[in-house]
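Trainee: Got a structure for you, written out below as structure tokens; questions coming shortly.
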Amino acid sequence: MKTKFTAFLLAAALIFSCFSLAGCTSKKNAALVYFLNFKPESAAVYEELADKYEAETGVKVKVVTAAANTYEQTLKSEIAKSNPPTIFQVNGPIGYDNWDDYCLNIKDSKLYSYLTDKSLAIHDDGGVYAIPYVVEGYGIIYNNAIMKRYFALPDKKTSFTDMSEIKNFRDLKAVVEDMTAHKKALAIEGVFASTSLSAGEDWRWQTHLLNVPIYYEISQKHKEGDPTLALLDADEITLKYSENYRKIFDLYLNNSITPKNLLGSKSVADSMAEFALGKVAMVQNGNWSWSQISGVKGNTVTAEDIKMLPIYTDIDGEESQGVCVGTENYLAINKNATAEQQKASLAFLEWLFSSDIGKKYVTEKLGFITPFNTFSENETPSDPLAREITRYMKDENLKIIPWVFNAFPGEAFKKATGDALLDYAQGKKEWDKVKDDIVKAWKSERD
Amino acid sequence: MKPLKRYFPIFVLPTLIAFSIAFVIPFIMGLYLSFTEFTTVENATFVGIKNYISAFTDNSDFLNALWFTIGFALVSIITINVFAFILALLLTRKIIGTNLFRTVFFMPNLIGGIVLGYIWQLIINGVLQPFGYAITSDERFGFWGLIVLMNWQMIGYIMIIYIAGLTSVPTDILEAAKVDGAGVFTTLFRITIPSVMPSITICLFLTITNSFKMFDQNLALTAGAPSGRTKMLALDIYETFYGRVGYEGVGQAKAVIFFLIVAAIALTQLILTRRKEVEQ
């Protein structure tokens, strides 16, 4: 009997110690604000910010960062825990659809009042449920040093003398093809960096590039109102501008550093490295890629030479088209958190985007172009790509293309598109079939 | 009081609790969730067998993945077991350095699937590049790439089990066979293989379940490219669950079907090979 008792006691002690240990750690971490961060590249900065905020106000902020491409998974498991995130991120109207049960109405918050353009926020039934905190843009990034070398060539076939003269697809194509012909003289291995099509690395084509033809299609159909919202309701697309999509994609493929058949093995990092090392003159990407370009060892591109061109696709009137600007980073407050936590979370965000220290971190360390009116003219990030984006946003003669891809039907659609593009690049699929696949995938995902 | 009962709390209870928390409870929850629509495990609403119907009717992904997995499993089960058995036969002979060889063959098993997948992706792309291909060019490259990868990883492990089986074959029977004048192959098929039947049961079970459940190697090597034609069941379930809004329940339903298939095949195999085992 005695042994039995000891055994029980031992087992109980064992189990109890596990539980008490877990209880102990969770108590220690019981922070009022729990921010589930989306951007792994900014993890360290947010940790620093949390410390600063605690030192200033005494409110503890817990920052957890999801690994790249795992935000949805992480959020799904974190939000079901007993201490769920109080601030989390949704990636636009589609993401909000999935998380609407968890988003608090923050219409009356100061954060919402900071928004320069109130329509950027996610509205639903008169309420405001998520607020964008960073504006980003993308286009064709080019290395002006190589372009200058080209314009100085004695035997070039085009008559352009500066990139500012390139205003449409026809000009771009003429220049690019002539550059390919002069590859040796320009000391480059291709005009465009690899059209990365390996799994998970194809978003620049199936999302960003596709944004342009889809935007033109939807904005022609719905002349009034917000194109993203119109697209969100579209059960079908016709891909009216599929030929334009093909033209620019072909231009990328045919003047690439990598033969078409090998593109399935290339990643975004590969193409950014090719650009940074001066092996190519152009690459399609956004201002977030600055850190990738500047971080490549032995890079030969100087900050002054990095410029951005809109993505021209041979559409009428594209001379007045700008780069693609938008956001897929929206912050939401957890509806199921306690009122105290919600208040503290909003206070933290308001501090981040309006106090001097917060703003300094946002522009200098996080490098965000924010959509808030609390930031003055000179409080914008100083990297060359962000400056290009700001330049395009301010240019009143140019029309920005919004990120309507926020209303694309989700990952499965994007993946189907990427798969079709890979098959096309490898010569396994005709373009008509690619167009078909995209149209079908849209329809089946919206059903 | 029986010792078994007396020591139950200390020896079985902790494991039982851990097993319940990590396996039984999630399994039952998963079963329930496959009949619901949900975003997180908290906000599920019951929808009946709708998810099971969608799994087969929405698109052909699941069936394609099923056929690909079955093809993959058939080839890899045969190649792994044949190669592992031959290696085991070789390494139970009196050759110098058998221990070294055993270690070397076993080593790939210690590396994680994701790492192996990326290593083999580099190797295969490197081999194909001079011919103007990448592993994504054709699904056959992906298929055989997966077979090579799986063989490389599993052979060492299966080999160790066979070695253990082979060393326990009674030497008196082998000697008797030799005296009776049995040839090498007669000895192999009439004596050695029937005596190691228990090992074969285990090895077949392990290779079947591992081939069906393969995920990380698949994700790292091809991730289904081109066009999802090299996608196996586990990867398809994962993509259904995380790739589409509102499809969590369908992914869960696919996972339940997947479990039933693997369980049915593995149990049938266990029963069939058990019958062939000989009592010694």
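The values are calculated or read from the model by the stated rules, or taken from the named source; none is laboratory data. Quick caveat, the model's predicted, so the values are computed rather than measured. FYI the Cβ positions are ideal-geometry reconstructions off the backbone, even for glycines, and counts take in every protein chain you see. Side chains included, ligands, DNA and RNA excluded: accessible areas come from the protein's heavy atoms. Shrake-Rupley method; radii C 1.70, N 1.55, O 1.52, S 1.80 Å.
Trainee: Which FRET efficiency value, to the nearest 0.05, is calculated for residue A:240 and residue B:45 with the Förster distance at 41 angstrom and r the Cβ-Cβ distance?
Mentor: 0.60
Trainee: Mind ordering A:361-371, A:387-397 by average Cβ neighbours within 10 Å, highest first? Can you show the working numbers first?
Mentor: Working: A:361-371: 20.2, A:387-397: 15.5.
Answer by packing, highest mean first, reads A:361-371, A:387-397.
Trainee: Accessible surface of residue A:208 in the full protein assembly, 1.4 angstrom probe, to the nearest 10 Å²?
Mentor: Ignoring ligands and nucleic acids, residue A:208 comes out at about 10 Å².
Trainee: Let me ask something else. Using amide H atoms built in the peptide plane, which far-off residues or other-chain residues are under 5 Å from residue A:37 H to H?
Mentor: A:64, A:65, A:66
Trainee: Now for a separate question. Based on the Cα gyration tensor of chain B, what are the three equivalent ellipsoid semi-axes, each the root of five times an eigenvalue, rounded to whole Å and given largest first?
Mentor: In descending order, the three semi-axes are 38, 29, 17 Å.
Trainee: Let me ask something else about it. 7 Å from Cα along Cα→Cβ at both residue A:297 and residue A:395: what's the point-to-point distance in nm?
Mentor: A separation of 3.7 nm, rounded to one decimal place.
Trainee: Under the definition of partner shielding as Cβ atoms of other protein chains within 10 Å of a residue Cβ, what is the mean value for peptide B:217-224?
Mentor: 2
Trainee: Stokes-Einstein at 20 °C, 1.002 mPa s, Kirkwood radius from Cα pairs: D for the range B:48-92 in µm² s⁻¹?
Mentor: 163 µm²/s
Trainee: Partner chain Cβ atoms within 10 Å, averaged over the residues of A:136-149 - can you pull that number for me?
Mentor: Mean number of neighbouring Cβ atoms from other chains: 0.
Trainee: Quickly work out the residue A:55-to-residue B:271 label distance, labels modelled 7 Å from Cα along the C-beta direction, and quote it in nm with one decimal.
Mentor: So the two model labels end up 7.0 nm from each other.
Trainee: Rounding to the nearest 10 and keeping the result within 0 to 90°, find how far the Cα-based axis of helix B:248-276 lies from the longest principal axis of chain B.
Mentor: 20 degrees
Trainee: I would also like to ask the following. When you look at the Cβ of every residue in A:412-420, what mean number of other chain Cβ atoms sits within 10 Å?
Mentor: Values: counts 10, 2, 1, 7, 3, 0, 2, 7, 2.
Taking the mean over all residues of the peptide, I get 4.
Trainee: Using only Cα atoms, find the angle between the long axis of helix A:169-181 and the longest principal axis of chain A, and express it within 0 to 90 degrees, rounded to the nearest 10.
Mentor: The two axes meet at around 80 degrees.
Trainee: Moving on. How high is the relative contact order of the range B:59-276, given as a whole-number percent (alpha carbon pairs under 8 Å, six or more residues apart)?
Mentor: Rounded, it is 31 percent for the range B:59-276.
Trainee: Oh, and also: Given a Förster radius of 56 Å and the C-beta distance between residue B:180 and residue B:118 as r, what FRET efficiency does 1/(1 + (r/R0)^6) yield to the nearest 0.05?
Mentor: Details: r = 53 Å, r/R0 = 0.95.
Working from the Cβ atoms, E equals 0.55.
Trainee: For the range B:77-155, report the translational diffusion coefficient in µm²/s to the nearest whole number, using Stokes-Einstein at 37 °C, 0.692 mPa s, and a Kirkwood Rh over Cα pairs.
Mentor: Answer from the Stokes-Einstein relation: 233 µm²/s.
Trainee: Identify which of A:161, A:374, A:228 has the largest mean-square fluctuation in a Gaussian network model of chain A, with springs joining Cα atoms closer than 10 Å.
Mentor: Maximum among the listed residues: A:161.
Trainee: Which values, in whole Å and largest first, are the semi-axes of the equivalent ellipsoid of the protein assembly as shown obtained as the square root of 5 times each eigenvalue of the Cα gyration tensor?
Mentor: One finds semi-axes of 52, 36, 24 Å for the protein assembly as shown.
Trainee: Using Cα centres only, tell me the gap between the range A:370-388 and the range B:214-280 in whole Å.
Mentor: Taking the Cα centre of the range B:214-280 as reference, the centre of the range A:370-388 is 49 Å away.
Trainee: My understanding is that a pair violates if its Cα-Cα distance is over 18 Å; which of A:52/A:76; A:173/A:435; A:415/A:435 do that in this structure? Before the final figure, lay out each step's value.
Mentor: Values: A:52/A:76 29 Å; A:173/A:435 22 Å; A:415/A:435 14 Å.
From the list (A:52/A:76; A:173/A:435; A:415/A:435), the Cα-Cα distance tops 18 Å for A:52/A:76; A:173/A:435.
Trainee: Ok, one more. What GluC sites (Glu not before Pro) in the range A:193-270 are in a loop by DSSP, with at most 11 other Cβ atoms within 10 Å of the Cβ?
Mentor: For GluC sites (Glu not before Pro) across the range A:193-270 that sit outside H, G, I, E and B with at most 11 neighbouring Cβ atoms in 10 Å, the list reads A:224, A:236.
Trainee: How many nm is it between the label spots at residue B:89 and residue B:56, if each spot is 7 Å from the Cα in line with the beta carbon?
Mentor: Reported label-point gap for residue B:89 and residue B:56 is 4.3 nm.
Trainee: Please list the radius of gyration and Dmax for the range A:306-447, considering alpha-carbon atoms only, with Å as the unit.
Mentor: 20.4, 59
Trainee: Sticking with this one: First measure r as the distance between the Cβ atoms of residue B:129 and residue A:277, then evaluate 1/(1 + (r/R0)^6) with R0 = 25 Å and state the FRET efficiency to the nearest 0.05.
Mentor: E(calc), rounded to 0.05, equals 0.80.
Trainee: Ok, one more. Distance cut-off 21 Å, Cα to Cα: go down the list A:221/A:307; A:307/A:399; A:183/A:260 and report the pairs above it. Don't skip to the answer; put the middle values down first.
Mentor: Numbers: A:221/A:307 33 Å; A:307/A:399 18 Å; A:183/A:260 18 Å.
From the list (A:221/A:307; A:307/A:399; A:183/A:260), the Cα-Cα distance tops 21 Å for A:221/A:307.
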